[in-house]
Amino acid sequence: MIHFDHDQRDEGMVVALRGRLDLLAANDLRTVISKAVEDGHRLVVLDLAPTEFIDSSGLGAVVGGLKTARQAGGDLRIANVAGQVELVLGLTKLDRVLQPYPSVDAALRGDG
Amino acid sequence: MAEHRRTFEGPAEPALLDAVHEELAALWRQGPEVGEADRMLFETALAEVVANVASYSRSGTRVSLELAVLDDRLDADLVDDSSALPGDIVEGASMGDADAEHGRGLALAAAALDELTYRRRDGRNHWRLSRLRQRAD
């Protein structure tokens, strides 16, 4: 199960992902990111602090969200990566394309 | 030898993932203490294999799973009665391009384990996952 907590900030939309971002949640995340981009948010920040677990489907949805945001002239950033999420990003080497930011504020500023 | 086992059966469908996470949580609670990195990586690998089975099995497929915490390693044996898969499905797995949105699951599972094998035997698919436990110094 996953819950998306939205926090609209001046710089962009922050979405906290609470629970497991896996095969069961991946399509919901794609929808959430697409909606934020369609609503005109140039920057989407995924706060992964409350994310207990991520799998390759969840990661695929984040990569898809990054492409969606960039195709619209915006960006998607991830913040507060730790634990299992950090391990998986490292194993897949996706931390090279999805550079983790140490906090939501740093991600909003683009200040890694 | 100190060891702790759990067995589980269920239908091959995405909801099986939630059950597997619950089984692992119970295993960690009941068994000997297992290091955090070992738990995280084993759970990562098992979830990928289960997701693969749940996504690609024919309707009505049943899955049985045996989990074991041993002194030196963590094992999972997963058997399902769906159609045969390519024999080199594990060896052929790759992380793919950085912008790929699908297809890196089994490569991730293999990277998180010391052993990941797939065999077709007796009309069933057999997956074996094993991770050597890190020693606390």
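The values are calculated or read from the model by the stated rules, or taken from the named source; none is laboratory data. Just so it is clear, the model here is predicted, and its values are computed rather than measured. Because the Cβ atoms are built from the backbone with ideal geometry, glycine has one as well, and the counts that use them run over all protein chains shown. Side chains are part of the model used for accessible areas, which takes the heavy atoms of the whole protein and leaves out ligands, DNA and RNA. Shrake-Rupley method; radii C 1.70, N 1.55, O 1.52, S 1.80 Å.
A few comments on the model shown:
- Membrane-span-like helices in chain B, defined here as complete DSSP H runs extending at least 24 Å along the helix axis by their C-alpha atoms with mean Kyte-Doolittle hydropathy no lower than -0.5, are B:36-56; this is a sequence and geometry rule, not a statement about a membrane.
- Using a Förster distance of 35 Å, the FRET efficiency for B:E3-B:E91 (Cβ separation, nearest 0.05): 0.75
- Label-point gap, in nm, between B:H102 and B:S59 - each point 7 angstrom along Cα→Cβ: 2.0 nm
- Using only alpha carbons, the range A:1-87 has a radius of gyration to Kirkwood radius ratio (Rg to Rh) of 0.93.
- Computed from label points 7 Å out along Cα-Cβ, the spacing between A:D7 and B:Q30 is 3.9 nm.
- For A:R30, the solvent-accessible surface computed with a 1.4 Å probe is close to 60 Å², ligands and nucleic acids excluded.
- Extents of chain B, largest first, come to 41, 34, 26 Å (Cα atoms, principal axes, whole angstrom).
- The modelled label-to-label distance between A:D39 and A:A82, using points 7 Å beyond Cα along the C-beta direction, is 2.7 nm.
- Within the accessible surface of chain A, defined with a 1.4 Å probe on protein heavy atoms only, the carbon and sulfur portion equals 44 percent.
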